[in-house]
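Reading through the structure tokens given below for one structure.
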């Protein structure tokens, strides 16, 4: 379990996410605006792009994710991740991610 | 066969589901609407498939990669005759599952490599070449129009061959007859999703082997002379390491791309033109404002889904819409039905390019197996429609034509489509 906070449109949405669920699925389930997750985690779109705002280590993006982040419509930052690739686990408890505004 | 007996009885009791005609594209949507209401998950004895019709259920199956395997995605609906199995074994036909029909963790490993070439960034890079290619076809059509030849089969003139040439760009192939590739791809699709006789199946199997050996020769060539293309990239990523990809897997990935890039795109293009010309007001809107084209494409993909069905295998008993699908069951996901589900889409049978949520269709699948060519397919559709509305704003359907559809359970598209060019603009 991990407590996750999304900052979207200036609002904060917090939810407990079960281990193994990725943050794109969790965002869609919690109605976080701006997270579409169109491809469902198949890494064919970048509609679940987030900036990781807290210090939690989420790992490095893989090569496919790198390409997609570069291609994303909103600017890439050093903290950019596709949230479908961040899976809830105790180590990321308390994570805060910002949803880029379109 | 308790399952068949039990479900045969259920199907017989239910007049709705007994009307299921998986190979016949006429009346499909009316049938599916009834099924969604009265028997959203039903067993079809003719094909031995459990058919899932509601969007929520289809989505749940796509998401549930633990309980549903993709192993049967490309399985031939009819088993291979023994003679064919023997022929393929004797001729080094070493096709193995690599993408759409594998499960984790193998799927993750292979897709990770494929995705380093087949991704939106690469597609964006080749877009100008795709447009130039489409413009060549348009120039031919303009010449025909200028000669007074107003009526053309737009499949033969454009949508049949063009996607093959786009796949050639990815494969770095420039010396092959696209029509040969199209024959191979249609042959493969018919073997998987059609209902061939035993002899037709054997003949098709020989063609299939030719197709596979062609892919093997491409990979062999790139080992010696690498280029900036898909097989070369896969070989580079492999770097001699079977743990990353084996050579045979690379041949299979090339083989898979050659199939995936064709039937669905050809049908998507033809169906787009058909649907838009059938709804003249929508076509006129696109002529007046081509920026509406991407929205219109999503509505076509929803309303007139080119890939009607996709498959999964149940690994355990799973309940969907109150029906228990037993472990081992073959599952047919009706993407066409999901895309017409009234729980998600208001007035689903209405074609409306301004529908706010068209893009929630499941025409490219969803989740870890989502179509890797989706961004490229969308780009091809967009470019073709942009060029057509600009060159031939007065295009119309030839009235009274009888449409013949691809004879398969998955792919839906007219084999030919006669249009009147209506003179060309800016030509």
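The values are calculated or read from the model by the stated rules, or taken from the named source; none is laboratory data. Being a predicted model, the structure only gives us computed values, none of them experimental. With ideal geometry, Cβ positions are generated from the backbone for all residues, glycine too; neighbour counts draw on all protein chains shown.
Structure values in brief
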| read-out | value |
| --- | --- |
| Matching residues, segment B:110-122, being farther than 18 Å from residue B:252 by Cα and either part of a loop (DSSP other than H, G, I, E, B) or more than 9 Å from chain A (Cβ to nearest Cβ) (or both) | B:119 |
| Filter result for residue B:109 (touching a residue at least 60 places away in the same chain (Cβ under 8 Å) and either under 23 Å from the mean Cα position of the chain (by Cα) or more than 29 Å from residue B:207 (Cα to Cα) (or both)) | yes |
| Residue match in segment A:91-101 (condition: out of contact with any helix residue (DSSP H, G or I) (no Cβ under 6 Å at 6 or more places or on another chain), more than 14 Å from chain B (Cβ to nearest Cβ) and in a helix (DSSP H, G or I)) | yes |
| Among the residues listed as B:378, B:302, B:355, the single one being in contact (Cβ under 8 Å) with a residue 24 or more places away in the chain, assigned to a helix (DSSP H, G or I) and farther than 18 Å from residue B:53 by Cβ | B:378 |
| Residues that are assigned to a loop (DSSP other than H, G, I, E, B), touching a strand residue (DSSP E or B) at 6+ places or on another chain (Cβ under 6 Å) and either within 14 Å of another protein chain (Cβ to nearest Cβ) or buried (at least 18 other Cβ atoms within 10 Å of the Cβ) (or both), drawn from segment A:62-85 | A:72 |
| Boolean, residue B:58 is in a loop (DSSP other than H, G, I, E, B), within 20 Å of residue A:39 (Cβ to Cβ) and in contact with a strand residue (DSSP E or B) (Cβ under 6 Å, 6 or more places away or on another chain) | no |
| Restricting segment A:21-40 to residues that are assigned to a loop (DSSP other than H, G, I, E, B) and touching a strand residue (DSSP E or B) at 6+ places or on another chain (Cβ under 6 Å), the residue that is surrounded by the most Cβ atoms within 10 Å (Cβ to Cβ) | A:32 |
| Residue that is within 14 Å of chain A (Cβ to nearest Cβ), at pLDDT 95 or above and buried (at least 23 other Cβ atoms within 10 Å of the Cβ), where the choices are B:337, B:363 | B:363 |
| Candidates A:86, A:7, filtered to the one that is under 12 Å from the mean Cα position of the chain (by Cα), within 25 Å of residue B:119 (Cα to Cα) and at pLDDT 95 or above | A:86 |
| In segment A:41-55, the residues that are buried (at least 16 other Cβ atoms within 10 Å of the Cβ) and either touching a residue at least 40 places away in the same chain (Cβ under 8 Å) or touching a strand residue (DSSP E or B) at 6+ places or on another chain (Cβ under 6 Å) (or both) | A:41, A:43, A:48, A:49, A:50, A:51, A:52 |
| Selected residue (only one of B:258, B:276 is crowded, with 22+ Cβ neighbours inside 10 Å and more than 29 Å from residue B:401 (Cβ to Cβ)) | B:258 |
| Answer from B:383, B:368 - the residue that is within 14 Å of another protein chain (Cβ to nearest Cβ) and at negative phi | B:368 |
| Scan of segment A:26-47 for residues that are within 14 Å of chain B (Cβ to nearest Cβ) and at pLDDT 95 or above, ordered by number | A:26 |
| Residue check, residue B:196 in contact (Cβ under 8 Å) with a residue 60 or more places away in the chain, assigned to a loop (DSSP other than H, G, I, E, B) and farther than 30 Å from residue B:368 by Cβ | yes |
| Which listed residue is at pLDDT 95 or above, more than 14 Å from every other protein chain (Cβ to nearest Cβ) and under 30 Å from residue A:71 (Cα atoms), from B:129, B:165, B:144 | B:129 |
| Any hit, segment B:86-108, residues being touching a strand residue (DSSP E or B) at 6+ places or on another chain (Cβ under 6 Å) and outside any helix (DSSP H, G or I) | yes |
| Subset of segment B:139-163 [in contact (Cβ under 8 Å) with a residue 24 or more places away in the chain, under 24 Å from the mean Cα position of the chain (by Cα) and in a helix (DSSP H, G or I)] | B:154, B:155, B:156, B:158, B:159, B:162, B:163 |
| Members of segment B:203-237 found to be part of a helix (DSSP H, G or I), without any contact (Cβ under 8 Å) to a residue 40 or more places away in the chain, touching a helix residue (DSSP H, G or I) at 6+ places or on another chain (Cβ under 7 Å) and farther than 20 Å from residue B:182 by Cα, listed by number | B:223, B:235 |
